[in-house]
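Take a look at the structure below.
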Amino acid sequence: MKRLLLLVLFSCCLVGRARPMGDGEELFSVDSSGIFRTNPAAVLPFYALPEGRPEWQTVGDVPLAGMPEYRVRLDAFEDPDAGFNSITILRGEKELLCLRSADMWTYLYDGKCMIDLRRFADNRCFIQEKLTDDLTLLIFVGWPYASDPSLLTIVALSGDEAEVVYNRYADIVHLFRAGALFGIDVRKAVIEYDEHGTPCNDGTPCRIFYANGCLREVSRR
């Protein structure tokens, strides 16, 4: 009886500790029919391109790892060595999604990214994370500015569906996977320091994570 009671108490403790990971803001899920359910508030608008017709230069045409029928074409009209202004996701010759922004996305390494993210990626342009047999995330990092975090863009891909599910200012700190749980630890603000080198703020730490068929964002404060 005592062992049973201890087991029940221990189980309740685990549930209580796990509950925060289920809280936070829902960003994206897929319903039973395979339809994407997104949160428009999680997708900030992209900056409009300059007037006129910019001259585009292709800087990458990257097949997805383990998914050879898909590829991502990247084009720039500014400095191609620093990044790209256009992301086109194709399945064969079918265009699934095209994103364009005057603000550049940059490379995960050997570019303008705040930290070197090569250990998380198969290429230097984006991070590919397979969540299930039918669902993959593509993660792009925006151009950094001194006073603001970079723009973090996440695209969900399944079959012929590709959609932006996250586009907010957030610097990647770490990515992790534990079984079916996938997460990205981010900072929503730049950490500032006083004259003694002491942090003046905590950087507003958050976690974007996928579990139980849903992508969420939760504060880590």
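None of Leu90, Leu74 is among the hydrophobic types (A, V, I, L, M, F, W, C), over 23 Å from Leu215 (Cα atoms), at pLDDT 95 or above and in contact with a Phe, Trp or Tyr (Cβ under 6 Å, 6 or more places away or on another chain) except Leu74. May I ask you to verify whether Val190 is crowded, with 17+ Cβ neighbours inside 10 Å, farther than 21 Å from Ala121 by Cβ and without any contact (Cβ under 8 Å) to a residue 60 or more places away in the chain? It is true that Val190 is crowded, with 17+ Cβ neighbours inside 10 Å, farther than 21 Å from Ala121 by Cβ and without any contact (Cβ under 8 Å) to a residue 60 or more places away in the chain.
Evaluating Leu99 against the criteria (1) free of Cβ contacts under 8 Å to residues at least 60 places away in the same chain; (2) in a strand (DSSP E or B); (3) closer than 16 Å to Gly142 by Cβ leaves one unmet condition, (1).
Take the residues in the range 124-147 that are small (Gly, Ala, Ser) and part of a loop (DSSP other than H, G, I, E, B); name whichever of them is farthest from Phe84 (Cα to Cα). In this case the residue turns out to be Ser147. For the range 98-114, a residue qualifies if it is over 16 Å from the mean Cα position of the chain (by Cα) and crowded, with 17+ Cβ neighbours inside 10 Å, and the qualifying residues are Arg100, Ser101, Gly111, Lys112. Look through the range 116-142, keep the residues that are hydrophobic (A, V, I, L, M, F, W, C) and surrounded by fewer than 22 Cβ atoms within 10 Å (Cβ to Cβ), and return whichever of them is modelled with the lowest pLDDT. Checking each candidate, the answer is Leu117.
The values are calculated or read from the model by the stated rules, or taken from the named source; none is laboratory data. All values derive from a computational prediction rather than experimental measurement. Counting neighbours? That spans all protein chains shown, and the Cβs are built from the backbone with ideal geometry, glycine included.
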